[in-house]
Every structure is written in C-alpha cells, then in structure tokens.
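What follows is a short report on a single structure.
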Amino acid sequence: MEQRISLITLGVADLERARAFYQRLGWEGQEVEETMFIQAGGIALVLWGREKLALDCGISDDQTSGFSGVVVAHNVRSEEEVDDVMASAEAAGATVTRPAAKTFYGGYAGVFTDLDGHAWEIAHNPGFPLGSNGSITIPDFSKS
C-alpha cells in the first residue's frame, strides 16, 4: 500500500450548514448528489451526511455511536489493487466492514477499520484520476 491519502470524508449533521461554514473559510467546492467535493491540494475533502457515510462504510446503526464520522480514503489504480490492499489490511489485523465490490459511481471499493476503529476506504474510481505522484483531481461535475 502506497503511503497516500486521497480523500478525507467528514460525516456532517447538516450539509448546507457545513458547506456555508467551509465557504466562510474560503473553501469552494462542488455539490453532487448531496455530497460536497472540495479540492484541497493533491487530495479532496468531502462533506457527506454522517448516517449515510456510516452505512456506506458497512457500519450498522448499532455501531454508529462509536463511529467518528471521519473516513480516510486511499485511491488506487485498479480493482486488483483494491483487492490486494484489502487483503493486506485484513492480514495485518484490520476488520473488513464492507468487502470490495462494484460501486454505484462505476468504481470498485471496500472499507476496513484499523485497530482503533478508524475507517479506511480503498477505492478504484476511474472518474477521479490519480497523478503519477498519487495526487487526486476532482473533475468538473458541471461538464457531466
């Protein structure tokens, strides 16, 4: 697994309130399907509903009280690499909360939690190109 963070997703209680807060800080982004994407250098900050984020990670309703509301994503270049990283994480002691599978956005991803319960999504998303150094670029969604 390359030492890289592609996205940090914050589970928010109110997307409009969170967006307004980040805009007051000078952070601009794009909203798509109740999700806010903000380019932050070579990574992305994502704002998404906290409950939706927990469920997307495979964390059930009875586990959400212990869910931090933060998910770190590591994007890779292929579906095979997703499988390899997920297997390595599980072998290292991680708990797979959502096995790797095709996603609604045309990618392939899985989620595990580390030994302290921090959620990591491992994803291949052909819509978010990776630079040679692993940096991620959020596309212009208005052109879709």
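Order 105, 22, most accessible first, counting only protein heavy atoms with a 1.4 angstrom probe.
Working: 105 85, 22 45 Å².
The most accessible residue leads, giving 105, 22.
Using just its DSSP H runs of length 4 or more, each adding -39500 (n - 2.57), the chain gives a mean residue ellipticity at 222 nm of -6000 deg cm²/dmol after division by all residues.
Please work out whether region 62-134 counts as rounded, prolate or oblate from its C-alpha gyration tensor, where a ≥ b ≥ c are the square roots of the eigenvalues and a/c under 1.5 means rounded, while otherwise a/b larger than b/c means prolate and anything else oblate? Cα axes put region 62-134 in the prolate bin. Were the residues from residue 114 through residue 52 laid out at 0.36 nm apart, the gain over their Cα-Cα distance would be 20.3 nm.
Centre-to-centre separation between the Cα atoms of region 97-141 and those of region 65-85: 5 Å. Ordered by 1.4 Å accessible area with all protein chains kept, 52, 143, 102 run largest first as 143, 102, 52.
For region 13-144, the Cα gyration tensor yields ellipsoid semi-axes of 24, 20, 13 Å (square root of five times each eigenvalue, largest first, whole Å).
Largest accessible area first, the residues 21, 141 order themselves as 21, 141 under a 1.4 Å probe with ligands, DNA and RNA left out.
Express the carbon and sulfur contribution to the solvent-accessible surface of the chain as a percent, rounded to the nearest whole number, probe 1.4 angstrom.
Working: 4210 of 7980 Å².
Answer for the chain: carbon and sulfur cover 53 percent of the accessible area.
Applying 1/(1 + (r/R0)^6) with R0 = 41 Å to the Cβ-Cβ distance of residue 14 and residue 132 gives a FRET efficiency near 0.60. Measuring spread by the Cα atoms of region 1-65 yields a radius of gyration and Dmax of 12.9, 36 Å.
The values are calculated or read from the model by the stated rules, or taken from the named source; none is laboratory data. Keep in mind it's a predicted model, so treat the numbers as computed, not measured. We place every Cβ from the backbone using ideal geometry, glycine too, and count neighbours over all the protein chains shown. Quick note on the areas: whole protein, heavy atoms, side chains included, nothing else; ligands and nucleic acids left out. Shrake-Rupley method; radii C 1.70, N 1.55, O 1.52, S 1.80 Å.
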